Each structure stands twice: as C-alpha cells, then as structure tokens.
Amino acid sequence: MLFKKNSKSHWDKIYSTYNIEQLGWYEKDSRESLKLINKTNIKSNILDVGCGKTTLIRSLLEKGCENIIGVDLSERAINDLKLDLEEYSDKIDIFQCDILKLNLDEKVDIWHDRAVLHFLNSKKEEEKYFSQLKRYLNHKGYFILATFSKSNKNKCTGLKVRTWDENEVLERLGKSFSLIEAHDYMYTMPSKDLREFRYMMFRREE
C-alpha cells in the first residue's frame, strides 16, 4: 500500500480543498478533550499540538482559560484559526510549526494532542516527539492524548497511522509519568461513519 507524506504541503492542500465541516476529524464541541482538561482544574499554559482549525481553543477561552498555545503543520489552517479567534489575540499564541521542531519560551501545564502522534511512523520521529514533550511539560503537568484505537484502519487522509494504547505510551514516557485514565470514545465523523478513538491522560510526577 502506498502512503502519502506527512508534510506541510499535504495538510495545506487538505485545508484549502475542504470546508472544515467536511473534514473527517472535525468536532463541533471537542467534548472528550474538554472533559479531561476540566478534570485537571488548569486554566492557563495549555498547548494544543496539531490544532488545525479546532473548536477546542475557543471553548477553553469561553471558559476563562488563557495563555493558550496552538501549533499546526498547516499554515492555511493556522491563518484561518487566527482570524476566527482574533478577538482573543491577547490570550493566545497560534503559529505554524512542525511539533518536532517546536521552540517555546516557557513550559506548559497541559500538552494536548488529538491525532498528531499517530501520524509519526518512524522511531526517530517518535523519539523526538517524546523528547519535546518532556522538554516543555512542567512537573505535575498533564499529557492528554487521543489516537485511533487498535480496532481502526492504519490510514487517514492517505497517510499511514500508528495506533497507540496507554501501555505503549507509558513505555515511552518513562517512570516519571503516571496514567490517570484511559477510555475508548466512538466518534461520529461528518460523513456519519464511526471511528473509535482511545483517549488517555497522564501526569508528570517528577
């Protein structure tokens, strides 16, 4: 099976071709991510990796959160999201970035990832991802991750996908992290097809 390359041009084309409501991962309310973030009682210093044109950041802002960072590989998605959130410009930092090359001035208390890690398919990329996570997540901070569950196909938008479970993630995180919770969630795509996600939340203890 031939797979496309996970690249800026790939995602720019996707976001330029389709309306946001047509995208297979579009969420109107980001309910599962919000549930987990709410459980942390954290209201600031939140990083959303692979934010795209997410509705999550607006929902967090409307709940009184601030100092929210959103990064995505697609410049097109970032520009559209900036326009959508223009009235909150003093509370957010939204920019185009490859997460593997992320460079922040400060650490964060929540690292949120819905469907970024599972597009990294080489050991080198995976190691760099977890290195970046450990570099920028504060002690007592939370790592919230959603990936396709093990029952899913290994493809999305023509890209190869690697599924993860909490035990595999913990192996990469190491002993300084603990699992807070993990559960499956059946997501209904805009096409009405179903896709099962595995949501996981970890805390950095040391």
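Which of (1) more than 23 Å from Ile42 (Cβ to Cβ); (2) at pLDDT 95 or above; (3) not polar (S, T, N, Q) is the odd one out, the single condition Phe95 does not satisfy? All conditions pass for Phe95, except number (1). On the stretch given as region 172-198, residues that are closer than 29 Å to Lys8 by Cα and modelled with pLDDT of 95 or more total 2. Considering only region 96-145, how many residues are surrounded by 13 or more Cβ atoms within 10 Å (Cβ to Cβ), part of a strand (DSSP E or B) and not β-branched (Val, Ile, Thr)? Number satisfying all stated conditions: 12. The residues on offer are His118, His139, and the sole one that is in contact with a Lys or Arg (Cβ under 6 Å, 6 or more places away or on another chain) and at pLDDT below 95 is His118.
The values are calculated or read from the model by the stated rules, or taken from the named source; none is laboratory data. Computed from a predicted structure; not experimentally measured. Don't worry about glycine lacking a Cβ; one is built from the backbone with ideal geometry, like all the others, and counts go over all protein chains shown.
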